[in-house]
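No value in this document is a laboratory result; all are computed from the given coordinates. All values derive from a computational prediction rather than experimental measurement. Every residue, glycine as well, gets a Cβ built from its backbone with ideal geometry; the counts of neighbours run over all protein chains shown.
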2 protein chains.
Amino acid sequence: MTQLVNSADSHVVEPLDLWVQRLPKHLKERAPRIEEVDGRWLFVVEGMPPRKMGGPSQGSESRTKEATGFRPGGSDPDLRAKDLDEDGVWGEVLYPTIALFGYMIPDPELRWATARAYNDWLTETFAAASTRFAGAAMIPVQEVDTAVAEIERVAGLGLRSVMLPMQAPEGAPYNSDRYDPVWAAARSHAMPVSFHVGTGMNPVHERGPGGAVINYVEVGLGAQRTLAYLAASGVLERFPELHVVMVECGAGWLSWLMERMDEAFEEHAGWVKPKLAEPPSFYVRRQGHVTFGNDGAGVVNRDFTGVEPLLWASDYPHPEGTWPHTRETLARIFAGVGDDERRRITFDTTARLYGLELPDPKVDA
Amino acid sequence: MTQLVNSADSHVVEPLDLWVQRLPKHLKERAPRIEEVDGRWLFVVEGMPPRKMGGPSQGSESRTKEATGFRPGGSDPDLRAKDLDEDGVWGEVLYPTIALFGYMIPDPELRWATARAYNDWLTETFAAASTRFAGAAMIPVQEVDTAVAEIERVAGLGLRSVMLPMQAPEGAPYNSDRYDPVWAAARSHAMPVSFHVGTGMNPVHERGPGGAVINYVEVGLGAQRTLAYLAASGVLERFPELHVVMVECGAGWLSWLMERMDEAFEEHAGWVKPKLAEPPSFYVRRQGHVTFGNDGAGVVNRDFTGVEPLLWASDYPHPEGTWPHTRETLARIFAGVGDDERRRITFDTTARLYGLELPDPKVDA
């Protein structure tokens, strides 16, 4: 039996001139963009070193593909739907590519204009095209009031998740109660709050030997840290209906994090503040989620973590994603897993969190 | 059948006046020490904020116990052996308590004098008392030549492991070839190189809500990072007989780290340097190890990680350790695990790495 799945982490690829087109006139020159420099295509975003991304360019169906190496479905909803259909994927939670780096823009005016323009484009291009696309809005958090206003705005637009930077702004970590209005606003619209790896920081931590591998690990450590902040500090306890999703971090570490937090909570009780009503893992099991693609370790750990925190994801159209071999990947990592658990991890929980039910209940999911 | 186990991570507790007694006269006033300040006992080590440690004081068998809250077996080998015997533990790899913070001493003269005095005391007090105590020598790495000389010296004393700081000195990460003489020296004496969580850094990362739990997670992330540096950069490939041990970090994350590193190695191949002959996980399976106590997730993941990297540990006499309930803990986390695998994780691998075989082969291990 073929089962359609939902991907809890996929990416759009912004048109090269999205911000040049959409930013107010006085900001256009400083717009985030892709530029050809000495024959190499670079992402140029204020506050970040220029950066090459995507896979090596192959073919030239479009300038975007040539610049980023990604498939045209990254920016075209119809081509995207075709790719998904061939690969057995129904719905997707959509994260950006260039806008991932927008959290680092130092100037609040430029940062917020960048976020709003992205959220508008995402709405018009994907969210409006099909209910199978659940857009995650870019929400910087340096200015909490502005963040809350933008959450209200994107909820009205039909975007379905609030994407905050994985690394909180300096001096204002996620255990601070300054973010309570953000959690409250997301919760009031039943929008999960998601944190994509590598955001809010320079994702290039190490340039020496092993750097590419080390950096991919390092951004994953950020997900572990952020989930610990949210659970141990009482954010999840105070907002019991808030759901938080760590994105593109894999899932195999989650059992460890739960045990590690609970060990400190119980064995170092004399130092623990606040005294949560339950051990930290309780809140992660109830409200925390992680997305994973190829890695099977998270699935093996489901007896520790519970099934609810696990969200399968394709990471389309990134080179480390599962497209166009999603069925083979799923067969491998879910070997020996019962249909009910598999369906919850690959479809149901994401459907519930983001509104990605199949439109016709008679269609086999 | 009762099986004796080895603990790959246990702690001595240094006498309050170890360094005051042993440092050269002109350094005595700056010696690492435990001091009573306003009725609280604090560890005072140059380069670190003064710090309270150990559990709450109960009883007063000794000044050390009163100051640190740890059992007297922390500094007395005979009392220690009694505790181990009652708990079903044969051998132990011994790490320090106060000296864990010595890596942060800014002045090289004081730092090295602190290391040598600790290594001497450990040798005289524990290593000389019984072969069941495998001492890990404190080896700072800011000055590589001095580190190599101290490794040679402690190998001669009979210490059995080289303990480096988990966090490498600033500007000199562990992927740098400047450490090659250190790896070579450890290898030439068949001494595993170990990295204890929380060393080489201020282990108090977060003081706000959830801090105690967050910090315990954060020091564990350091172990993941360091192992990635050693594997991805080619250190383990270039020194194929070197063994590295991440200590007190738990084991449940290891499957994730292996998959994460391999994913980057394969999918981001265009950025990967050096091109290792095998994916990074290969080297971790062959030469990497992690210690864990209470947590069962690492055991569940053994089909991914292999059994060799897993080293059980009691963490005696720390409050989060398994003493005096080691047998119950083992029964819980090894439920359903075959005797052969259990024995390798709880005895054999540690015995082989550190020379902790039972003295009489007829005794049941």
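Quick look at the values:
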item: Net charge of Cβ neighbours under 10 Å - reference A:GLU143; Lys, Arg +1; Asp, Glu -1; result: -1
item: Order by protection proxy (mean Cβ within 10 Å, highest first), peptides B:235-243, A:201-209; result: B:235-243, A:201-209
item: Size of charge dipole - segment B:70-142 - debye, nearest 20, with Cβ of Lys, Arg +1 and Asp, Glu -1, no other charges; result: 180
item: Dipole magnitude of chain B about its Cα centre (Cβ charges: Lys, Arg +1; Asp, Glu -1), debye to nearest 20; result: 340
item: Net length gained if the chain between A:GLU320 and A:ARG153 were fully extended (0.36 nm per residue, minus Cα distance); result: 56.8 nm
item: Per residue, the convex hull volume that the Cα atoms of segment A:109-164 enclose (Å³); result: 57
item: Radius ratio Rg over Rh of segment B:134-246, counting only Cα atoms, Kirkwood formula for Rh; result: 1.00
item: Assigned charges on the beta-carbon of Lys, Arg, Asp, Glu; segment B:236-294 dipole about Cα centre (debye); result: 180
item: Antiparallel bridge percentage (DSSP; both residues within chain B; nearest 5); result: 20
item: For A:ARG178, label point 7 Å along C-beta direction: distances to other copies, nm; result: 3.6
item: Distance between modelled label sites at A:ALA335 and B:GLU241, nm, 7 Å Cα→Cβ extension; result: 3.6
item: Pseudo-label separations to other copies for B:PRO324 - Cα-to-Cβ vector, 7 Å, nm; result: 6.7
item: For segment B:216-365, alpha-carbon Rg relative to the globular expectation (2.2 N^0.38 Å, N residues); result: 1.10
item: In sequence order, calculated HN-Hα J values of segment A:143-154 (Karplus, 6.51, -1.76, 1.60; Hz; x Gly/Pro); result: 10, 5, 4, 5, 4, 4, 4, 6, 4, 4, 5, 6
item: Subset of A:LYS52/A:LYS82; A:LYS28/B:LYS273; A:LYS52/B:LYS275; A:LYS25/A:LYS52 violating a 31 Å alpha-carbon distance limit; result: A:LYS28/B:LYS273
item: Selected from B:LEU356, B:PRO173, B:GLY338, residue furthest toward positive end of dipole (the protein assembly as shown; charges at beta carbon); result: B:PRO173
item: FRET efficiency for B:HIS268 and B:ASP78, using Cβ-Cβ distance with R0 set to 45 Å, rounded to 0.05; result: 0.25
item: Whole-Hz ³J(HN,Hα) from phi, Karplus 6.51 cos²θ - 1.76 cosθ + 1.60, for segment A:86-101, glycine and proline x; result: 5, 9, x, 9, 8, x, 9, 8, 9, 10, x, 10, 5, 5, 4, 8
item: Rg to Rh, two decimals, where the protein assembly as shown supplies the alpha carbon set and Rh follows Kirkwood; result: 0.99
item: Listed residues B:LEU164, A:THR305, A:ASN294: farthest to the positive end of the dipole of the protein assembly as shown (Cβ charges); result: B:LEU164
item: In sequence order, calculated HN-Hα J values of segment B:262-267 (Karplus, 6.51, -1.76, 1.60; Hz; x Gly/Pro); result: 5, 4, 5, 4, 8, 7
item: Principal axes of segment B:308-357: Cα extent on each, largest first, Å; result: 27, 27, 17
item: A:HIS189-A:HIS26 pseudo-label distance in nm [points 7 Å out on the Cα-to-Cβ vector]; result: 2.8
item: Amide H within-cut-off set for B:HIS243, under 5 Å, with H built and near neighbours excluded; result: B:VAL193
item: Cβ-Cβ FRET estimate between A:SER130 and B:GLU86, R0 fixed at 56 Å, reported to 0.05; result: 0.25
item: Taking A:GLU36, B:GLU320 and counting other C-beta atoms within 10 Å, the order from fewest to most; result: A:GLU36, B:GLU320
item: Per DSSP, loop trypsin sites (Lys or Arg not before Pro) in segment B:245-337 with at most 14 further Cβ within 10 Å; result: B:LYS275
item: Size descriptor, Kirkwood hydrodynamic radius, that averages inverse alpha-carbon separations across chain B, Å; result: 20.8
item: Local electrostatic count at B:GLY336 - Lys and Arg +1, Asp and Glu -1, tallied over other residues with Cβ under 12 Å; result: 0
item: Stretchable slack from B:ASP17 to B:ARG178, in nm (0.36 nm times residue separation minus alpha-carbon distance); result: 54.5 nm
item: Hydrodynamic radius of segment B:244-312 per Kirkwood, over alpha carbon pairs, in Å; result: 12.4
item: Average beta-carbon neighbours from other chains, 10 Å sphere, peptide A:200-206; result: 1
item: Label point distance in nm, B:ARG352-A:ARG51, each placed 7 Å from Cα along Cα→Cβ; result: 4.2
item: Shape category assigned to segment A:69-157 from the gyration tensor of Cα positions, a/c cut at 1.5; result: prolate
item: Debye log10 I(q)/I(0) for segment B:188-243, one point scatterer per Cα, at q = 0.17, 0.21 Å⁻¹; result: -0.65, -0.82
